[in-house]
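Here's the structure we're looking at; comments come further down.
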Amino acid sequence: MHKFLLALHLFISIAFYSDGQPHLSYYLPDQVTYDPDIPTPQSVIGHQVGEWHVTHDRLVNYMRAIDRASDRVSLEVTGHTHEGRELLLLTITSPENHKKIEQIRAQHNLLSDSKKSASIDVKNLPVVFYMGFSIHGNEPSGVNASLLAAYHLAAAQGEEIENDLTNTIILFDPCYNPDGMQRFSSWVNSRKSVMTSTDPLDTEHNEPWPGGRYNHYWFDLNRDWLVAQHPESEARIKSFQKWKPNVLTDHHEMGTNTSFFFQPGVPSRVHPLTPARNIELTKRMGEFHAKALDELGSLYFSQEGYDDFYYGKGSSYPDVQGAIGILFEQASSRGHAQESVNGILRFPFTIRNQFTTVLSSLKAVRALRHDLLNYQKQFYNEAAIESAKDPVKAYVYGSRDRARTFKMTELLMRHEIDIYKVKPGLAINGRNFSPESSCIVPLNQRQYRLIKSMFERRTQFKDSLFYDISSWTLPLAFGLEFEELKNTSAAGEKLSNPGPPAGKFVGGKSQYAYVFETLEYYAPRSIYRLLMHGIRLKVATKTFYHSDGKKFDQGSILVPLSDQEISTEKIEYVLNEIATKDGIDIYAFNSGLDYKGASLGSSSFLTLRKPVVAMLIGDGFSATDAGEVWHLLDTRFNIPLTLIPVNVFNQANIGKYNAIIIPPTSSPIQISDAAKEKLKGWVQNGGIVIGLENALQWINTSGLGRFQLKKGLERKDSLASRPYGLIDAYTGAQQTSGAIFQASVDLTHPLLFGYYNATMPIFKSNNLFMEKAKNAYGNPIVFTSSPLLSGYISKENYDSLKNSSIAGVSVLGQGRVIGFTDNMCFRAFWFGSNKILMNAIFYGPLINAASGR
């Protein structure tokens, strides 16, 4: 009878409202009264929750409305997205707590200080609970549920909510990804029919490329928590570190034909730095979610499909900082209603499940408050003990490229990690770490475990399946030298607010020429800045010397002052911009004579042309990979990039471009035969094509290049019988989800101009392996014979990877086709290889045809 009544209630609540739309009573708990002075969502956004997909502007309006109406709520704007949308954070708690909010925060933060936490009595201390919604913009049930959650927290009345708010500080982030959410909501709302179509083929359920999942630059923000390369992440991490919450919930969606997931994830796929107690508390919270969903009759699962390994995701980032991260995944209607294997999945139903787990999380936090607070205290006390026992007492990192050192330091300091300057004279294993371009990170500090996760090289794993990358060693990602220290005696002054490095003029003014090296990260921006102003530049292909004896390597840029179309004063003005904004040292040359190296008038100095760059995008291409290139050129190097959809490219005149980038593909791309011939003729006339990762396969079949790709090796036991139930485990173990490998590089090759080490770390997240070119000059970047630095790769793939080539050049007429098997700008934090891609753009036309494949 109970099940019958429940089913009848659900049927009536969704199907028989007079206006055909779900009312608040469909979502809200029974027997709870609500303050009539607090506005309902409908009264502000103009429709019932679930009737339409809320747009970001209406979401903001509602959050501001409850902020004005409720003394439980305080709203702040923590930042703005790339598109200028506000990032909101609501602090929701009792009015009494609001009056002493800074006192509570200060006391709470002492829990993470092992030297002071013993004095904290958690019995009367509120727990801090961070609620966040829809970091993927096209997973809308979360952000729409945030309307209900905000209303409930502001308007619910009674002893239960009063106790919750007295004992909890709720940090409420209603929308992690405003730009993606707005893109998606606009799509589905503009394609909603009066007679709602549930057909999965309907346009409402099939958003166009790149989709609303990503932010403005097509990045997956749920991979950006640790590295924080976007304004949305920077604001969120700042709030997290300010409060150091005990629990963070992260509401997502998954495939339509699934049900509902809550953590814990797969038990064998937890990062070793996450304590077992974390999983125990996660399981205990899971019991509250199960109970709530059981009462609704909603199906769900746990401990499969998702993991807690990579600390760059929202549900795992808290795990290495004394908190509990909880991932929720709701089957997605991807519109207003859609057919599924479980029946018609309606948008309101998905919202209700998300809201229900908001309430179950609140109940769990209330019940486990003492456990959560004590766990946080215990976490940092144990970390301090581990730090004291660790034979490694600090890490030192640095580079001759001061900008990359600074960007690494900036990243670390976002997570409240203490950084120190290096005292003069530190040399380890033949590496010199100068005070100007190196830093020290002591391990005897609060974020010991987080630091270990950032610097460790891990090659042994309990499981061979990964939901995301298996390694992210940050100094390798930034292309920095780093070493372990057994003591902290080399640590100098603590850094407080470091700024980016500044360049300078060396040797005063010149009437002859200026020169700068391209070692610094922002050298490509400097080169384009000069070319944009019509200043003629030359790049050195041989070494040469300054009159003071300083050596300049290949890749150094010569700015002759004679025969320029603009005045010397204007050139010096632009050079001064380069020094101050790009951190480049400018050297004055008063003579071109050089008996030790190449004189400045040598033909070994080659003239650069201003790149005019386009990239193919649209159906068939990987949006995230394309977005990484767009973001790099646009925001880092300020180089204009035309994004050409494939269907436009098929019809377009491409004569005005001199470099075209073809990003990795996710499915077959629809480039017409005529467009292929057009592109081939364009290359023959001097154009540069840059193919990334599996785009090389299309380049090969199109007759543009000759990049010999290896066939994967079969294990000797590949034909042996295996249990059917191991299909997913075996095939999953063959995926190279993301690991770090060492490569040998030819520093004399134009693709490596501006680098100075004979080896470099390369990030690989595919099983694409290129044969070495038979041409002795055609292998500028090659994996070594024992290349694994950190991460997981199967034995079969590792054998294929050893000694394989990463980059190659095919010659076609006067043009060049440059191919890379691996990502040179992975997720915006892989700084170390960014300049290789830029070198392909600037120096591609200059690559000697004799080095081609």
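The values are calculated or read from the model by the stated rules, or taken from the named source; none is laboratory data. Keep in mind it's a predicted model, so treat the numbers as computed, not measured. Here the Cβ positions follow ideal geometry from the backbone for every residue, glycine too, while neighbour counts run over all protein chains shown. The area values use the complete protein model at the heavy-atom level, side chains included, leaving out ligands, DNA and RNA. Shrake-Rupley method; radii C 1.70, N 1.55, O 1.52, S 1.80 Å.
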task: Could you tell me whether ASN257 is surrounded by 18 or more Cβ atoms within 10 Å (Cβ to Cβ) and not hydroxyl-bearing (Ser, Thr, Tyr)?
output: no
task: Mind telling me which of the residues PHE826, PHE831 ends up being under 24 Å from the mean Cα position of the chain (by Cα), at pLDDT 95 or above and under 25 Å from THR731 (Cβ atoms)?
output: PHE826
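Listed here are the residues, each with its yes/no results for (1) free of Cβ contacts under 8 Å to residues at least 40 places away in the same chain; (2) small (Gly, Ala, Ser); (3) farther than 27 Å from GLY430 by Cβ; (4) in a strand (DSSP E or B).
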| site | (1), (2), (3), (4) |
| --- | --- |
| GLU484 | no, no, no, yes |
| THR488 | no, no, no, no |
| GLU493 | no, no, no, yes |
| SER496 | yes, yes, yes, no |
| PRO501 | no, no, no, no |
| SER510 | no, yes, yes, no |
| GLU520 | no, no, no, no |
| PRO524 | no, no, yes, no |
| LEU530 | no, no, yes, no |
statement: All-but-one check, THR274 against (1) touching a helix residue (DSSP H, G or I) at 6+ places or on another chain (Cβ under 8 Å); (2) more than 27 Å from ASN138 (Cα to Cα); (3) assigned to a helix (DSSP H, G or I); (4) open to solvent by 10 Å² or more (accessible area, probe 1.4 Å), failing number (3)
- request: Examine segment 153-165 for a residue that is open to solvent by 10 Å² or more (accessible area, probe 1.4 Å), touching a Gly at 6+ places or on another chain (Cβ under 6 Å) and within 22 Å of TYR27 (Cα to Cα), and state whether such a residue exists.
  value: no
query: In this structure, is LYS542 within 26 Å of GLY425 (Cβ to Cβ) and of a type outside the set (A, V, I, L, M)?
result: no
query: If you go through segment 118-138, how many residues are in contact with a Gly (Cβ under 9 Å, 6 or more places away or on another chain) and either open to solvent by 10 Å² or more (accessible area, probe 1.4 Å) or in a loop (DSSP other than H, G, I, E, B) (or both)?
result: 5
field: Yes/no for GLY832 being surrounded by 23 or more Cβ atoms within 10 Å (Cβ to Cβ), touching a Phe, Trp or Tyr at 6+ places or on another chain (Cβ under 8 Å) and more than 30 Å from ASP224 (Cβ to Cβ)
entry: no
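Conditions tested, residue by residue: (1) part of a loop (DSSP other than H, G, I, E, B); (2) open to solvent by 30 Å² or more (accessible area, probe 1.4 Å); (3) closer than 27 Å to PHE605 by Cβ.
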| residue | (1), (2), (3) |
| --- | --- |
| ASN766 | yes, no, no |
| ASN775 | yes, yes, yes |
| SER786 | no, yes, no |
| SER800 | no, no, no |
| ASN823 | yes, no, no |
query: What number of residues within segment 574-597 satisfy the criterion of being among the aromatic types (Phe, Trp, Tyr) and either open to solvent by less than 40 Å² (accessible area, probe 1.4 Å) or in contact with a Ser or Thr (Cβ under 6 Å, 6 or more places away or on another chain) (or both)?
result: 2
- request: Report yes if some residue within segment 413-424 is farther than 26 Å from SER239 by Cα, touching a Leu at 6+ places or on another chain (Cβ under 6 Å) and crowded, with 16+ Cβ neighbours inside 10 Å; otherwise report no.
  value: no
Sole residue being among the hydrophobic types (A, V, I, L, M, F, W, C), in contact with a Pro (Cβ under 7 Å, 6 or more places away or on another chain), open to solvent by less than 40 Å² (accessible area, probe 1.4 Å) and within 28 Å of GLN742 (Cα to Cα), chosen from PHE482, PHE478: PHE482
message: Here is a list: ASN653, ASN685, ASN694. Which entry is within 26 Å of the chain's Cα centre (by Cα) and either farther than 25 Å from SER526 by Cα or among the β-branched types (Val, Ile, Thr) (or both)?
response: ASN694
task: Could you please give the count of residues in segment 174-195 that are touching a helix residue (DSSP H, G or I) at 6+ places or on another chain (Cβ under 7 Å), open to solvent by 10 Å² or more (accessible area, probe 1.4 Å) and within 25 Å of ILE66 (Cα to Cα)?
output: 1
query: Would you pick out the residues in segment 516-531 that are more than 11 Å from ASP585 (Cβ to Cβ) and surrounded by fewer than 24 Cβ atoms within 10 Å (Cβ to Cβ)?
result: ARG525, TYR528, ARG529, LEU530, LEU531
message: Could you list, ordered by first residue, the pairs with Cβ atoms under 7 Å in which the first is in segment 63-81 and among the basic types (Lys, Arg) and the second is open to solvent by less than 20 Å² (accessible area, probe 1.4 Å), at least 6 apart or interchain?
response: ARG72/ILE92; ARG72/THR93; ARG72/SER94; ARG72/LEU153; ARG72/ALA154; ARG72/LEU165
